Amino acid sequence: MAQVDTASIDAEYLLAFDRGAPEASMVAKQRRRFSIPWFRWLVLLLAALFFIIPLVAGVIFSLQNDAGQFSLDSIRAINQQIGFSDAFRLSLQLALITVVISMALVVPTAVYVHLKVPKLLAAVEFTTLLPIVFPPIVLILGVLHVTPPFLKDHAWFLALFYVVLAMPFAYRAVESGLQAMDLQVLVEASRSLGGRWGSTLLRVILPNLTTSLISSVVLVTALVFSEYTMSSLAGWITLPVWTEQFAQANGHIVTAVAMLTLLGVWVVLSLIVLVDLSRARLQQRKRSSTS
Amino acid sequence: MTPDATATDVAPTGQAAMPATDTPSVPTGAGVELRSLSRQFGATLALDRFSLTIAPGELVALLGPSGCGKTTALRVLAGFERPDQGQVLVGGRDVTRLPAQKRDMGMVFQSYSLFPNMDARANVGFGLRMRRWSGAKRKARADELLELVGLAEHRTKYPHQLSGGQQQRVALARALAIEPQVLLLDEPLSALDAKVRAELREQIRAIQQRLLITTVFVTHDQEEALSMADRVCVMRAGRIEQVDVPAALYARPTTAFVAQFVGVSSRIEASFDAGQPVILGQRCTARPGSASRETSARLDALLRPEDLTVTPDHDGEATVVHSSFLGGTTRLDVLLGATVLKIDVRSDVAARLSPSTRVRVGLHNDEVLLVEHLEPEGR
């Protein structure tokens, strides 16, 4: 193998830099870009501490017993707590229903508005932001007042509220994905090749929206797993409601539940990213083996 | 952004002539008839009773400035726009109300339109998948088409791994894979750099002639239209100005707009002797389509650079003011009175005609197009 003279390369690089060669100046520019001033590091550090300290405090508290000693008892006890499994299952069910309805509603709507009535984009975006403006308590109390009792008995009922509540997050994530692609041309290309609307959506639009859809699903799920007001007023014991009720009895166990939920969301997110990465690597391998 | 041209941006010369598919002895495309199409967008009339007939296997270029309605005409033909009035007939069948996906037309778009989630082969096979072809047949056909456009070795690459020229060639293969009745090209070369554009132009034409597929090509580039098309349809404000073969369109424009939009023209005011136009002291005849003296008292003759001659003459009335070397020929700007005439001469002759040289200007051709008089700029 040929020996590489690193000293001479360094000398050449410096000479090139002195001469102002374009490549050398580009390297210098890149270095400048990555050299962050100290005060930016400080802001970054303070922001990180702001988020990390409560998490670390929560983890420490959940790993302590009443005497203040390290113990895994709180975590072991979670599953045996009355009502936990039901509350977790209900939240999971609600999350699933909300995600399905939200995606079924948001994706075709956003695509339709982009393609057929782009003038209404701003109006639709404003409308989807309205749930943030109205307090959930106003929404749920008003609707509960006029809803027949038999409708209130099913989880679907609460999921419909969550769909409204999640709309700003679900819509914006999908919207940003659509804006990043040349939707009009891709749809017309598909249609000119014989693609019907269904196949165009499934084979062309959705595969190019994967990242946005994942973001959307994660945001909707996180919202369902953290919403308290609506579920408590509608009389459903979801995970946040159970957590609040059980907090009176044992703070350590409740904190452990919150930490594990957070960990669960983090694990799911990591899995999604890993699956996406491995799929990309697989495609890369396939390409290199066939070419 | 136009990615840099690479070695495989354009197929090697003669690549398109490789027998990847059977050469048809008869046109594979269908005849097209656009009958009195009108389409309005708000206050803008994009198509105004536009009628055009295209023979099977013919390549017609729709040429015109921005906003002349050429893309609207193509989109109406593709089925992406509904005309307010008029009919679209393909192979004698009325398809005016037929949605785009049922029209059996392949289209190549101006912007890169490959599906980013599919490799080149899957992109080419997409239309066949929609037609429920089996995987093996689809793959074989896609490979055949990719070979036709000289990209066989790139079949597993994704759009982001291909240059602009390569992407448009895959898009062409994708449009051809479904064996469309009509191939529609919407300024497919406009995003490419000059070298790739020129070579891809030749390749598209070679493939079109081999497959004899009816093709409609939209462009605002007259060089592209004249070099590729069997006939060129020049459009202005939603209407047809002239439809003709490229040579006739250039040599015998029937309107002032065509004469000035296609190629370069100079204006010289005509005088009249016994009703016959006299240009540069030479009696001429008015070409069909010329303006009449009944509608306008003063008329100009529109002259091509090669219609004029220039001879050095110390007593000449004209002066060379500028020369542009174009290779074999040189284009001279010659000032005659207040008018600047564009005149092409052989470059070896032009070497003796430096700026400030006094010259005499004459005519090669005694048949001229007369149009309404326009005062020269700066007068």
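The values are calculated or read from the model by the stated rules, or taken from the named source; none is laboratory data. Note that the structure is a prediction, hence the values are computed from the model and not measured. Positions of Cβ are backbone-derived with ideal geometry, glycine not excepted, and every protein chain shown enters the neighbour counts. The accessibility values were calculated without ligands, DNA or RNA, using every heavy atom of the protein model including side chains. Shrake-Rupley method; radii C 1.70, N 1.55, O 1.52, S 1.80 Å.
Within region A:224-240, restricting attention to residues that are β-branched (Val, Ile, Thr) and part of a helix (DSSP H, G or I), the residue that is surrounded by the fewest Cβ atoms within 10 Å (Cβ to Cβ) is A:229. Identify, from the list B:212, B:189, the residue that is more than 14 Å from every other protein chain (Cβ to nearest Cβ) and in contact with a Gly (Cβ under 6 Å, 6 or more places away or on another chain). Among B:212, B:189, only B:212 is more than 14 Å from every other protein chain (Cβ to nearest Cβ) and in contact with a Gly (Cβ under 6 Å, 6 or more places away or on another chain). The condition of being touching a helix residue (DSSP H, G or I) at 6+ places or on another chain (Cβ under 6 Å), at pLDDT 80 or above and surrounded by 13 or more Cβ atoms within 10 Å (Cβ to Cβ) holds for only one of A:95, A:24, that being A:95. Checking every residue in region B:204-215 against the condition of being part of a strand (DSSP E or B) and either modelled with pLDDT of 90 or more or among the acidic types (Asp, Glu) (or both) gives at least one match. Condition test on residue B:187, is it in contact with a strand residue (DSSP E or B) (Cβ under 7 Å, 6 or more places away or on another chain), touching a residue at least 12 places away in the same chain (Cβ under 8 Å) and surrounded by fewer than 24 Cβ atoms within 10 Å (Cβ to Cβ)? Yes.
Could you tell me whether any residue of region A:212-223 is outside any helix (DSSP H, G or I), in contact with a Gly (Cβ under 6 Å, 6 or more places away or on another chain) and either more than 10 Å from chain B (Cβ to nearest Cβ) or at positive phi (or both)? Checking region A:212-223: not a single residue is outside any helix (DSSP H, G or I), in contact with a Gly (Cβ under 6 Å, 6 or more places away or on another chain) and either more than 10 Å from chain B (Cβ to nearest Cβ) or at positive phi (or both). Just one of the numbered conditions (1) at positive phi; (2) modelled with pLDDT under 90 is not true of residue A:194: (2).
Residue check: is residue A:175 charged (D, E, K, R), crowded, with 22+ Cβ neighbours inside 10 Å, more than 14 Å from chain B (Cβ to nearest Cβ) and under 21 Å from the mean Cα position of the chain (by Cα)? Against the criterion (charged (D, E, K, R), crowded, with 22+ Cβ neighbours inside 10 Å, more than 14 Å from chain B (Cβ to nearest Cβ) and under 21 Å from the mean Cα position of the chain (by Cα)), residue A:175 does not qualify.
When B:297, B:259, B:318 are screened for being among the hydrophobic types (A, V, I, L, M, F, W, C) and under 21 Å from residue B:355 (Cα atoms), only B:318 passes.
Here A:255, A:200 are screened, and the one residue that is more than 14 Å from every other protein chain (Cβ to nearest Cβ), farther than 30 Å from residue A:141 by Cβ and open to solvent by less than 40 Å² (accessible area, probe 1.4 Å) is A:255.
Among the residues of region A:186-197, those identified as facing another protein chain (nearest Cβ under 9 Å) and buried (at least 17 other Cβ atoms within 10 Å of the Cβ) are A:186, A:188, A:189, A:190, A:191, A:192, A:193, A:194, A:195. The strands (runs of 3 or more DSSP E) found wholly in region B:241-310 and carrying at least 1 residues that are farther than 19 Å from residue B:222 by Cβ and open to solvent by less than 30 Å² (accessible area, probe 1.4 Å) occupy B:266-269, B:276-279, B:299-303. Considered as a group, the residues in region B:345-364 that are within 30 Å of residue B:293 (Cα to Cα) and either of a type in the set (Val, Ile, Thr) or crowded, with 16+ Cβ neighbours inside 10 Å (or both) include one that is modelled with the lowest pLDDT, and that residue is B:363. Screening residue B:192 with (1) assigned to a helix (DSSP H, G or I); (2) at pLDDT below 90 gives one miss only, at (1). Counting only residues that are within 14 Å of chain A (Cβ to nearest Cβ) and either at positive phi or open to solvent by 30 Å² or more (accessible area, probe 1.4 Å) (or both), region B:43-79 holds 3 of them.
Looking at region B:122-166, which of its residues are over 19 Å from residue B:104 (Cα atoms), in a helix (DSSP H, G or I) and either open to solvent by less than 20 Å² (accessible area, probe 1.4 Å) or touching a residue at least 60 places away in the same chain (Cβ under 8 Å) (or both)? Across region B:122-166, the qualifying residues are B:144, B:146, B:147, B:148, B:153, B:154, B:159, B:164, B:165, B:166.
Give the residue, chosen from B:319, B:330, that is surrounded by 19 or more Cβ atoms within 10 Å (Cβ to Cβ), part of a strand (DSSP E or B) and of a type outside the set (A, V, I, L, M).
Exactly one of B:319, B:330 is surrounded by 19 or more Cβ atoms within 10 Å (Cβ to Cβ), part of a strand (DSSP E or B) and of a type outside the set (A, V, I, L, M), namely B:330.
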